[in-house]
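The values are calculated or read from the model by the stated rules, or taken from the named source; none is laboratory data. Not measured: the values here are computed from a predicted model. Virtual Cβ from ideal backbone geometry, glycine too; neighbours counted across all protein chains shown. These area figures cover heavy atoms from the full protein model, side chains too; ligands, DNA and RNA do not enter into them. Shrake-Rupley method; radii C 1.70, N 1.55, O 1.52, S 1.80 Å.
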There are 2 protein chains.
Amino acid sequence: MTAKTVLIPRLTIIGVGLIGGSLALALKEAGVVGEVIGCGRGKPNLEKALELGIIDSYKRDPQEAVSGADVVFLATPVKTLATVTQRFLPGLKPGAIITDGGSVKGAVVRAIEPLLPDGIHFVPGHPIAGTENSGAEAAFSTLYHGKRCILTPTENTASNALALVRQMWSAVGSDVVQMSLEKHDKVLAAISHLPHMVAYALVNAVGSYDHYEENILEYSAGGFRDFTRIASSDPTMWRDIAETNRDALLEMMEQFDVFFAELKADIVAGNSDKLFDFFQRSKQLRDAIL
Amino acid sequence: MTAKTVLIPRLTIIGVGLIGGSLALALKEAGVVGEVIGCGRGKPNLEKALELGIIDSYKRDPQEAVSGADVVFLATPVKTLATVTQRFLPGLKPGAIITDGGSVKGAVVRAIEPLLPDGIHFVPGHPIAGTENSGAEAAFSTLYHGKRCILTPTENTASNALALVRQMWSAVGSDVVQMSLEKHDKVLAAISHLPHMVAYALVNAVGSYDHYEENILEYSAGGFRDFTRIASSDPTMWRDIAETNRDALLEMMEQFDVFFAELKADIVAGNSDKLFDFFQRSKQLRDAIL
Ligand SMILES: NC(=O)c1ccc[n+]([C@@H]2O[C@H](COP(=O)([O-])OP(=O)(O)OC[C@H]3O[C@@H](n4cnc5c(N)ncnc54)[C@H](OP(=O)(O)O)[C@@H]3O)[C@@H](O)[C@H]2O)c1
Ligand SMILES: NC(=O)c1ccc[n+]([C@@H]2O[C@H](COP(=O)([O-])OP(=O)(O)OC[C@H]3O[C@@H](n4cnc5c(N)ncnc54)[C@H](OP(=O)(O)O)[C@@H]3O)[C@@H](O)[C@H]2O)c1
């Protein structure tokens with residue numbers, strides 16, 4: 001290892017869970033961060049984060065937590081991001097950079113940008129990495145290795161702030177890409193938010209099927225477990241995503257309905273050729289992403 | 001290893017693919033089978049099976065293939081099972097046992113049982129194991145280790161034939177369970193057939209989303225790939241399952257629609273509490289199966 005330049009002398013993580021905690025661990029491991037301060041709702045998770053070496057200290061008061069910070073990383077559920085920003089904002093030093101990891105970008109930017117005074121920069125971001133686990137204990141330093149991180153700068157985003165946030169994500173092994181807020185929210189609705197809604201509905205449909213006394217899920221092979229693993233993600237996180245990316249998500253849910261209804265109609269009609277074509281087309285589409 | 005008793009001196013596999021080929025390999029490894037003869041539509045797959053040591057020889061003619069066989073294992077797509085049985089039936093010796101691995105049981109039993117002369121036994125079965133790969137090359141000896149195998153005997157199933165087929169699946173490491181045809185088809189519609197239909201529709205919905213020139217699937221994290229892996233399963237196999245387990249599958253698809261529509265309505269209405277409850281209930285259901 002060669003000696004690294006410290007990119008961020010003082011970093012505050014608001015919400016030291018999977019996403020925030022993993023970023024802190026990864027930046028420490030990369031040797032590009034100085035001091036890391038945590039902030040959250042209560043003591044238990046922050047004590048755990050301290051114990052695990054994710055943060056060096058924590059402050060319960062948001063303004064104290066961000067005092068002197070060069071970068072503040074927001075990693076609480078999407079609908080809370082603007083509210084917590086409002087709370088710590090008066091404590092920031094001039095030139096500080098706020099960036100986030102929220103799974104939805106349009107609603108977050110529309111809520112945070114109007115709050116910002118001159119000289120405080122905001123860079124909206126979203127690492128495309130995660131697991132279904134939550135809290136400081138779920139954090140690990142390699143979460144972002146080889147994963148995409150999408151940044152969605154707006155016309156208000158300062159270029160030096162954007163450059164620093166890009167360097168930060170590169171330092172933890174991410175492949176940084178930029179796109180518009182609108183594109184981000186549509187792409188994510190398709191590849192992430194829709195699949196989660198489908199998994200949630202699927203688990204309910206199968207779980208409601210209690211015609212037989214014993215638990216039929218016992219018979220499920222590996223496939224079903226993997227398939228529905230994502231349905232055990234955090235309910236608050238997904239409520240916030242479903243609410244804040246409403247339009248793009250509903251559009252994708254309707255797309256899904258069209259194909260599911262087509263399949264159902266072909267099964268009802270017993271249309272062998274159309275069923276075969278449907279399954280073959282799906283296989284080709286799927287194999288193309290491998 | 002202690003010396004094993006040969007359970008099946010002569011075994012014929014009709015359709016030496018993932019399911020048939022893996023059974024042959026596993027029985028050989030367990031030392032409980034004598035000679036294994038393969039049968040299929042064309043040379044290439046059977047030559048491959050011979051090369052891989054899955055079968056000891058093959059016969060293109062179905063009656064020759066089953067000549068002298070103690071057990072015939074059927075492992076071609078569900079809709080072909082009765083047709084192939086009709087073809088090889090005159091070649092069977094008295095007392096021979098036919099058993100199958102088809103993913104649907106009601107339609108298969110209704111088509112095969114009426115064909116059988118006295119002294120030829122049929123034991124319907126379904127190993128709950130698989131991958132999305134097909135053909136002899138996809139076969140491997142450990143596929144059935146620790147997996148369930150469901151047998152669905154009817155009032156016509158001879159108890160000695162049932163006992164031998166149970167021993168056969170136990171010998172390859174499966175946990176053998178018995179249930180009625182009707183229950184099998186409903187349970188499988190829920191835990192396997194519905195999830196496949198959902199995955200197929202999902203891949204189409206996401207794949208059809210080409211508002212942007214580049215391939216948005218590039219942005220998908222691990223979750224989406226795992227989730228849709230099952231959509232790359234064999235189209236013929238799934239066409240046959242969808243057609244032959246039509247009623248139970250449609251019932252489950254309608255159950256899915258109910259939950260998906262509920263979720264959509266809650267998103268449209270922006271009903272935070274109902275959305276949270278929906279996601280939490282799903283998480284609890286999902287975590288209960290872990
Ligand atoms: N999980 C993923 O796969 C993933 C991927 C990419 C982006 N994201 C986004 O990253 C953010 C964090 O997700 P995560 O998976 O890291 O969640 P997480 O593990 O639950 O961490 C979030 C942390 O924020 C704090 N928090 C929770 N609810 C809060 C609330 N209502 N108000 C204030 N603070 C709260 C909690 O810490 P305290 O208990 O200390 O308050 C918690 O540890 C979300 O915006 C999410 O959309 C998630
Ligand atoms: N894959 C799974 O996850 C799974 C799990 C449990 C049960 N099953 C059931 O097991 C059976 C076999 O599935 P599999 O996954 O082993 O499929 P597979 O790998 O495609 O094997 C089936 C074999 O049957 C032959 N075959 C294919 N189409 C045929 C046709 N129209 N007529 C006659 N023979 C044909 C092929 O061999 P030739 O080219 O030599 O003819 C092929 O290798 C199916 O009934 C399926 O429902 C599958």
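Can you pull out every residue in region A:150-178 that is within 14 Å of chain B (Cβ to nearest Cβ) and crowded, with 18+ Cβ neighbours inside 10 Å? Even if it seems obvious, please write down each step before you answer.
We begin by selecting, within region A:150-178, every residue within 14 Å of chain B (Cβ to nearest Cβ); these are A:150-152, A:174-178.
Passing the criteria: A:150, A:151, A:152, A:174.
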So which strands (runs of 3 or more DSSP E) stay within region A:102-183 end to end and still have 3 or more residues that are closer than 29 Å to residue A:251 by Cα and within 16 Å of the chain's Cα centre (by Cα)?
A:125-127, A:148-151, A:175-178
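May I ask you to verify whether residue B:50 is in the same structural domain as residue B:170 (by TED's automatic domain parsing) and surrounded by 20 or more Cβ atoms within 10 Å (Cβ to Cβ)?
Numbers: in the same structural domain as residue B:170 (by TED's automatic domain parsing): yes; surrounded by 20 or more Cβ atoms within 10 Å (Cβ to Cβ): no.
Answer is no for this residue.
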Of all residues making up region A:102-120, the number that are open to solvent by less than 10 Å² (accessible area, probe 1.4 Å), within 12 Å of ligand 1 (Cβ to nearest atom) and either within 14 Å of another protein chain (Cβ to nearest Cβ) or not hydrophobic (A, V, I, L, M, F, W, C) (or both):
3
Among (1) within 15 Å of ligand 2 (Cβ to nearest atom); (2) surrounded by fewer than 19 Cβ atoms within 10 Å (Cβ to Cβ); (3) farther than 30 Å from residue A:272 by Cα, there is one condition residue B:141 misses while meeting the rest; what is its number?
(2)
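Can you pull out every residue in region B:234-271 that is part of a loop (DSSP other than H, G, I, E, B) and more than 7 Å from chain A (Cβ to nearest Cβ)? Can you show your working first?
From region B:234-271, those part of a loop (DSSP other than H, G, I, E, B) are B:234, B:245, B:270-271; that's our starting set.
Answer for region B:234-271, where residues must be part of a loop (DSSP other than H, G, I, E, B) and more than 7 Å from chain A (Cβ to nearest Cβ): B:234, B:245, B:271.
If I go through region A:12-23 residue by residue, how many of them are assigned to a helix (DSSP H, G or I) and more than 9 Å from ligand 1 (Cβ to nearest atom)?
First, the residues of region A:12-23 that are assigned to a helix (DSSP H, G or I): A:18-23.
Those left that are additionally more than 9 Å from ligand 1 (Cβ to nearest atom): A:23.
Summing the residues that are assigned to a helix (DSSP H, G or I) and more than 9 Å from ligand 1 (Cβ to nearest atom) in region A:12-23 gives 1.
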Exactly one of B:89, B:81 is away from ligand 1 (no atom under 16 Å from the Cβ), buried (at least 23 other Cβ atoms within 10 Å of the Cβ) and touching a residue at least 12 places away in the same chain (Cβ under 8 Å), and that residue is B:81
From the set of residues in region A:272-289 that are more than 7 Å from chain B (Cβ to nearest Cβ) and modelled with pLDDT of 95 or more, which is surrounded by the fewest Cβ atoms within 10 Å (Cβ to Cβ)?
A:273
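In the set B:69, B:26, which member is part of a loop (DSSP other than H, G, I, E, B), surrounded by 21 or more Cβ atoms within 10 Å (Cβ to Cβ) and more than 12 Å from ligand 2 (Cβ to nearest atom)? Even if it seems obvious, please write down each step before you answer.
On the way: B:26 fails: part of a loop (DSSP other than H, G, I, E, B).
From the options B:69, B:26, the qualifying one is B:69.
Tell me the residue from B:46, B:92, B:74 that is more than 14 Å from chain A (Cβ to nearest Cβ) and more than 13 Å from ligand 2 (Cβ to nearest atom), please. Give the derivation first.
Details: B:46 fails: more than 13 Å from ligand 2 (Cβ to nearest atom); B:74 fails: more than 13 Å from ligand 2 (Cβ to nearest atom).
The conditions single out B:92.
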When residue A:56 is evaluated against the numbered criteria (1) open to solvent by 10 Å² or more (accessible area, probe 1.4 Å); (2) within 15 Å of ligand 1 (Cβ to nearest atom), which criterion, by number, is the only one it fails?
(2)
Given the conditions (1) open to solvent by 20 Å² or more (accessible area, probe 1.4 Å); (2) among the acidic types (Asp, Glu); (3) more than 13 Å from every other protein chain (Cβ to nearest Cβ), every one holds for residue B:132 apart from (3)
Residue satisfying all of: in region A:218-248; at pLDDT 95 or above and basic (Lys, Arg); nearest to the chain's Cα centre (by Cα) among these
A:239
